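Here's the structure we're looking at; comments come further down.
Quick note: the coordinates plus some simple rules give every number you see, no bench work behind them. Because the structure is predicted, anything quoted here is derived from the model rather than measured. Cβ coordinates were reconstructed from backbone atoms using ideal geometry, including for glycine residues, and neighbour counts include every protein chain displayed.
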Amino acid sequence: MLNRRQFTLASALSMGAIAVSGTGVVRAATPQVARFRLPIEPEGLYNVQSISAVVSGVLGNYLLEGLVYLDAAGKAQPWLAQSWQASEDGKIITFKLKSGKTFHDGTPFNAESVKFLFDTILDPKSASPTKGIVGPLSKVETPDEMTVVFTFSKPFAPFINLLGQSYFGFNSPTAVKAAGNAYPRHPVGTGPFMFDKWVPGASIELVRNPNFKQFRPDAANQGLAYLDRVILNVMTEDGVVTSALLTEELDAALLTADGVAPFQSDDRYTIINDQNAKNLMFMEFNYKKAPFGEKAFREAISYAIDREAVLAAAFGGNGKIALGPLSRGIPGYDDAVAQKYGTPYDQKKAKQLFDAAGWVLKDGVRTKDGQPAKFTIRSYASSSTERALAVIQANLADIGIVVEVGTADWGTFYPGLLKPDWDMDLNRWTWSDPSVMSQLFRSPGHRQLLPANDAIDNALDGADTALDTSKRLAFVSEAQKALLEDRRILPLLTDWPMTVTRKALQGYRVDYLGYVYGADLKIASA
Amino acid sequence: MSLVLDEPIMATPPRWRMFLLRLLRNRSALVGGTILLLLVLSALFAPLLAPYDPFKVNPIQRLRPPSWDHFMGTDEVGRDLFSRLIFGTRYFLLICVVTASISASIGTLLGLLAGAGSRFVENLIMRVIDVMLAFPYILMVLVVVAILGPSLWTGMVSIGIAGIPGYARLVRSAVLTVRREDYVLSARALGASESEILFGTILPNVVSPLIVYLAFSMPLAALVTSSLSFIGLGTQPPAPEWGAMLVNSRTYLFSAWWAVAGPGMALFISIFGLNILGNGLRDVLDPRSGR
Amino acid sequence: MTQYVAKRLLLLIPVVIGILLITFLMKALIPTDAVTAMYSGQLSEKDAAEAIATLRAKYHLDLPWYQQFFIYVRDLLQGDFGDSIRLRKPVMEELGYRYVNTIILTLASLGIALVVGLTAGILAAVKRNSWLDVTATTVGLFGISMPAFFFGLLLILVFAVWLRWLPVVPKGNLALLLPALALGLIEAAPISQVARTSMIDVLSRDYIQAARARGASELELVVRHALPNALIVVLTLVGLQIGNLLGGAFIIESIFSWHGIGELAVNAIQWRDFALTQAIILISAATYLVVNLVADILYAWLDPRVELST
């Protein structure tokens, strides 16, 4: 409760007018305002141009709405769509839309708005990163005002679930055309909040949409948003965000495990874990470099990593270790496969496997044919990867494998993997659909280094093209098994993104895809 | 040479011993020197002093507060902080020595050439120095790291290069002053070659401002190198470099203060030590400014 | 004097060309470009090949570096700094307000540095060898003995979290205070050192001793004689320090969410956004050169004994 102390002090210093105006001194009379953190400034709030986590978050939480949302079980449910129907061969999907939605600028939402988004994405001139996501989509047609027909060059199973992402939330075509290059700084959607202003470098402010209609039955608030205003402050440094939460200058913020620690035993705050998180930290191997092309070697390493220790070190234990190649939060994750074909930490077994493969331990280092087992693990620089690497390095040293660590910023690390001179890497991906497996590991693989493998490739192709849910799930399970059997991926863990909220902020919940129910947010009066 | 009457009749002690005596009488130099000596000793005897292996990970023991077993506590992966700090002295001194040698050697050479060389050489060198000074050094470091990939060596070399202009300017102006002194003119009259004059006569006489500058710029360079970790460009893990340790633990300021306090204090005390050593040296070598 | 200024201005040309050349050579050596950096790590990378090619051609990234150099210089001569690839807008649109922010932060921190540094330096010099001198010198060293990011976090902890005097989230005019304080206190240390040295030097000169013997008060001696001298020396130092500004500022700016060019510089490099990087380098180099030119001219004007040499 901001905060008598601050007020008296500030006025005593006669800076009250400048300093504390708007911080809620006269909150009773002022509108409901909530302040959140943005870890970096978005380059623009336009999903055709950017799909970074920050941009998708702001768009999905407050500004845009899509055709479908994913319910608590991860199943697609109609949102702006009324219903949909796939053709026999799976190449055509027809959507019926709900009526009565209008954009913030008054433009009615209809089939044209849907077509406009996808046409813009498909237009090569837009150079849209989203284009790759919709893969085989070839055209979008609008037989009538409330019907949209999507045509694909081949069946594309992930499509419906992907529509739940804010990459496919709708922008007002009128506004996009009118604003041109300026549109990303003046987004116009259909969501519970409207864009108000952007203070370059500092903050983005949104106001309540007075004409909002809630089409999501799973939202607690079926009316207009409670908050009058949402302020998103750009704050890079975690320690500073922690300070701002402590001084109640922020109402909620996504923080790392370290940042969350001071709030854990403080009853003025709630910590919200997204246990449906869809990220996976894993290690992978360069098949083109000996000895990583040998399955026996990859398998031995796979048994040597103490995942619980990695989780504790890297994320303070906030998350869950992974044995399977899909994150638990992704529909289709098969725990039975993970348990049966996974490689739980077993140092003894790892040693036996190395011995059996002819890697002899000498003076603490294994050698084979005169080659000492000395390798490098590459990764991107971040505190969590560095801690994870410290544990992995120690684990491998225990069994006689010496590894050096090479971290760099993402722009150096990831494109660098295309050059086949690396041994192993530590990587992390976030994606909401099982298609992440084919994107990464279907030969030739995301770094062009994987040999063809029929079992894997067929299962992955099946999973990407089977529109029937149960058929698709069978392929997805099959793919998880095949990937594990080849030891193509060494899954480590999924971490749970953590949001610290002040108790006064109510209704902060995330849905299956991690979006906040913007209209539900409310500040309790003290 | 004139005879100074009030000098003691006894032979004067050699210059270096005078210098040492004055240094020992100077309080700042004494404190700073002691800190430096401790750093060197702990770097040399790190394996004997450290109670644990500084790389030994123990996730069960993570972030334990100071205790009898770990009297500075443990870090985020359960390594003994005290042992890591002890081994960290090696990195600290390495950074100081490498950055300073790069800047000082190249900078001095350029400064000498600019001060004693022809008009053309001087102009050329000074323009290069201008470019280096005007080029924001942090961007230079960032770009060099982007090219070579982050490592302690890349960081040290780029910070070393960024320090060159300072030395070059200092030495050049010192040379310009010294060049007009009697002993240089007489050496030249006696037929000494240019390079003999440059390295044999001029260089020794610009040494003392150089030492003072060195003592001040070394801690600065160490500090900047340590800060590189802040943007993910510093030492590669798991090296116990204090700057990297501080950067990685900074979010524990609110929850595990010891993980921050350890490397923070180590850096602070060492850099503070070098700085006051610099103060002392300046007072002794340049008595005009002294106490 | 006019001749001197003209000559100095002419000398800026080779320096600017040198800077441009170096940055383009560096660009040629950096393995990844902005478009690749932007798309890499998004699952669509494989399918986005077409988009990547379109963008690379649009920004001439497919040409050899020397051709890119000529295109850049040609555009630059027409006042066009190019577009930021990542931000999809003209570089100057982003750089403009950030540059102003950095200048504001610099001036504010310089003000703090001068007030604190000069006061400490003068007191230390006048009360030489007293406890005041020792304290001022020691405290002065504190600021430069700590990494800037750590110093910044400590300031936030003390002033915003414990004392609650200042806001954490930048707000109104007060937003400036913490970052300016952090930078200013770091810069104050060398200023106080230089001020002290030069004051001691002047105060021990014969003419001061003579004035003192004539019965001039200590205050008069300091204000009339010693201080102007100290200021001249400090002036040169300040000129040099402005060059280091970006270096110190980038950390302070990101800690305090102060959105200046320092913060942008780090991002620009990590995005491999070359037009942005190039513009930042040019604008900060130009600032440095101009400030130093002005400092040198002022120096000559304040102290006629100084000959104007290049």
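Take the alpha-carbon centre of the stretch C:79-112, take the same for the stretch C:153-208, and report the distance between them in whole Å.
With the stretch C:79-112 and the stretch C:153-208 each reduced to a Cα centre, they are spaced 24 Å.
What's the local net charge at C:Ser254, with K and R +1, D and E -1, over the other residues with C-beta under 15 Å away?
-3
For chain B, rounded, prolate or oblate, judged on the Cα gyration tensor with a ≥ b ≥ c (square roots of eigenvalues), a/c < 1.5 rounded, else prolate if a/b > b/c?
Taking the square roots of the gyration eigenvalues as a ≥ b ≥ c, chain B is oblate.
Under a point spin-label approximation (7 Å from Cα along Cα-to-Cβ), what is the C:Tyr97-A:Asn458 distance to one decimal in nm?
Taking the simple label geometry, C:Tyr97 and A:Asn458 are separated by 5.8 nm.
Could you tell me whether chain A comes out rounded, prolate or oblate from its Cα gyration tensor? Rule is a ≥ b ≥ c as square roots of the eigenvalues, rounded for a/c under 1.5, then prolate if a/b exceeds b/c, otherwise oblate.
oblate
Could you check the spin-label model distance between C:Arg128 and A:Ser52? Points 7 Å from the Cα along Cα→Cβ, value in nm.
Roughly 5.6 nm, to one decimal.
Got a sec? How would C:Trp258, B:Trp153 order by Cβ neighbour count within 10 Å, fewest to most?
The fewest-first ordering by Cβ neighbours comes to B:Trp153, C:Trp258.
Along the charge dipole of the stretch A:46-178, Cβ charges K/R +1 and D/E -1, which of A:Val54, A:Gly74, A:Met146 sits furthest on the positive end?
Positive-most Cα among the choices belongs to A:Val54.
Show which aspartates and glutamates lie in cross-link reach of B:Lys56 when reach means a straight Cα distance below 13 angstrom and same-chain residues fewer than eight apart are skipped.
Within the straight-line limit of under 13 Å, B:Lys56 reaches these aspartates and glutamates: A:Asp398, B:Asp75, B:Glu76, B:Asp80.
Using θ = phi - 60° and the Karplus relation 6.51 cos²θ - 1.76 cosθ + 1.60, list the HN-Hα couplings for the stretch B:115-126 in order, rounded to whole Hz, with x at every Gly or Pro.
x, 10, x, 6, 4, 5, 4, 4, 4, 4, 5, 5
Work out the FRET efficiency for B:Ile60 and A:Ala357 from their Cβ-Cβ distance, taking R0 = 25 Å, and round it to the nearest 0.05.
Efficiency for this residue pair is about 0.25.
Net charge around C:Ala210, counting only other residues with Cβ within less than 14 Å of its Cβ (Lys, Arg = +1; Asp, Glu = -1)? Walk me through the numbers before you get to the answer.
Numbers: positive: C:Arg205, C:Arg212, C:Arg214, C:Arg224; negative: C:Asp206, C:Glu220.
Local charge sum for C:Ala210: +2.
Quick one: C:Phe256, B:Phe92, A:Phe263, B:Phe120, fewest Cβ neighbours within 10 Å first, how do they rank?
B:Phe120, A:Phe263, B:Phe92, C:Phe256
Just name one of A:Leu389, A:Val337, A:Ser302: the one whose Cα is farthest towards the positive end of the charge dipole of chain A (beta-carbon charges, Lys/Arg +1, Asp/Glu -1).
A:Leu389
Indicate the gyration tensor shape class of chain C (rounded, prolate or oblate), computed on the Cα atoms with a ≥ b ≥ c the square roots of the eigenvalues: a/c under 1.5 is rounded; otherwise a/b larger than b/c is prolate and the rest oblate.
Cα axes put chain C in the oblate bin.
For the stretch C:187-203, take each phi angle, set θ = phi - 60°, evaluate the Karplus expression 6.51 cos²θ - 1.76 cosθ + 1.60, and give the result in whole Hz per residue in order, putting x for glycine and proline.
Karplus values, whole Hz, x for Gly and Pro: 7, 5, 4, x, 5, 5, 4, 5, 4, 4, 4, 6, 5, 4, 4, 5, 5.
Pop the C-beta distance of A:Thr469 and C:Thr236 into the FRET formula with R0 = 56 Å and round what comes out to the nearest 0.05. Could you put the intermediate results ahead of the total?
Details: r = 75 Å, r/R0 = 1.34.
E between A:Thr469 and C:Thr236, to the nearest 0.05, is 0.15.
In the structure displayed, which of A:Lys115/A:Lys154; A:Lys98/A:Lys213; A:Lys125/A:Lys154; A:Lys75/A:Lys98; A:Lys115/A:Lys471; A:Lys75/A:Lys471 lie more than 21 Å apart, Cα to Cα?
A:Lys125/A:Lys154; A:Lys115/A:Lys471
What are the ³J(HN,Hα) values, in whole Hz, obtained from phi via the Karplus relation 6.51 cos²θ - 1.76 cosθ + 1.60 with θ = phi - 60°, for each residue of the stretch B:256-266 in sequence order, with x given for Gly and Pro?
Listing the rounded values in order: 9, 4, 5, 5, 8, 4, x, x, x, 5, 4 Hz.
With unit charges on the beta carbons (Lys and Arg positive, Asp and Glu negative) and the dipole taken about the Cα centre of the stretch C:96-302, which residue among C:Val294, C:Trp165, C:Thr277 sits farthest to the positive side?
Value computed over the given set: C:Trp165.
Counting only other residues whose beta carbon sits under 14 Å from that of A:Thr256, what net charge do I get with K and R as +1, D and E as -1?
Values: positive: A:Arg37, A:Arg387, A:Arg428, B:Arg250; negative: A:Glu237, A:Asp238, A:Asp258, A:Asp274, A:Glu386, A:Asp495, B:Glu76.
Around A:Thr256, the surrounding residues sum to -3.
Can you give me the C-alpha center-to-center distance between the stretch A:248-310 and the stretch A:343-371, rounded to a whole angstrom?
The stretch A:248-310 and the stretch A:343-371 have Cα centres spaced 26 Å from each other.
Would you please give the residues with an amide H less than 5 Å from that of A:Thr376, counting only those at least 5 places away or on a separate chain, with H modeled from the backbone geometry?
Distant-sequence amide H within range of A:Thr376: A:Glu404, A:Asp423, A:Met424.
Taking H placed 1.01 Å from N in the peptide plane, check which residues at least 5 places from B:Gly78 or on another chain put their amide H under 5 Å from its amide H.
Answer set, sorted by chain and number: B:Asn58, B:Leu63.
Taking the Cβ-Cβ separation of C:His60 and C:Leu29 as r and a Förster radius of 22 Å, what is the calculated FRET efficiency to the nearest 0.05?
Using R0 = 22 Å, I get an efficiency of 0.80.
What do you get for GluC sites (Glu not before Pro) in the stretch B:175-248 restricted to DSSP loop and a cutoff of at most 14 other Cβ within 10 Å of the site's Cβ?
For GluC sites (Glu not before Pro) across the stretch B:175-248 that sit outside H, G, I, E and B with at most 14 neighbouring Cβ atoms in 10 Å, the list reads B:Glu181.
Using Cβ counts within 10 Å as a stand-in for footprinting exposure, how do A:Trp422, A:Trp496 rank, fewest first?
Exposure proxy ranking, most exposed first: A:Trp496, A:Trp422.
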